[in-house]
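The structure appears right after this line, and notes come after that.
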Amino acid sequence: MSDIIRRQDAIEAVASADETDGTVKVFTGRQVNGILSALPSAEAVEGWIPVSERLPDVGKDVLLQFRDNQCVGNRCPDYDDNGWVINSGGNWMTPILDGDEEPIAWMPLPKPYKVESEE
């Protein structure tokens with residue numbers, strides 16, 4: 001298996017496969033591989049993802065879509081219920097407070113531009 005899957009999806013998939021009577025269940029490598037292979041690839045995610053459908057990982061910067069604008073932000077573990085914060089530049093993060101407009105969708109950030117060196 002060479003593709004990337006979300007860690008939380010993997011944990012939940014294996015945990016849900018362990019439907020026992022409270023005893024510890026041991027999986028073979030083949031069983032775990034089968035469980036994980038059934039998960040969608042994280043790399044397959046393209047475009048906007050509605051927050052009502054799925055949330056980004058906590059602490060991972062993503063592009064946020066609001067009703068009328070976009071910005072970079074993340075779900076911050078330092079705030080109650082992993083509230084949203086907006087990247088205000090440098091190391092400054094501004095929390096989205098109760099009553100503020102919440103993001104409606106998000107998407108992963110593209111890979112950073114890499115300047116080719118001139119030699």
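Read the figures in this text as sums done on the coordinates, not as results from a lab. Quick caveat, the model's predicted, so the values are computed rather than measured. We place every Cβ from the backbone using ideal geometry, glycine too, and count neighbours over all the protein chains shown.
I'd like the antiparallel share, as a percent to the nearest 5, of DSSP beta bridges with both residues in the stretch 49-108. The antiparallel proportion sits near 95 percent.
Label separation (residue 67 vs residue 92): 2.6 nm, computed from points 7 Å beyond Cα along the C-beta direction.
Listed by chain and number, the lysines whose alpha-carbon sits under 18 Å from that of residue 60, ignoring those within fewer than 8 places in the same chain, are 111. Length available on full extension from residue 116 to residue 52: 0.36 nm per residue minus the Cα-Cα distance, which gives 19.1 nm.
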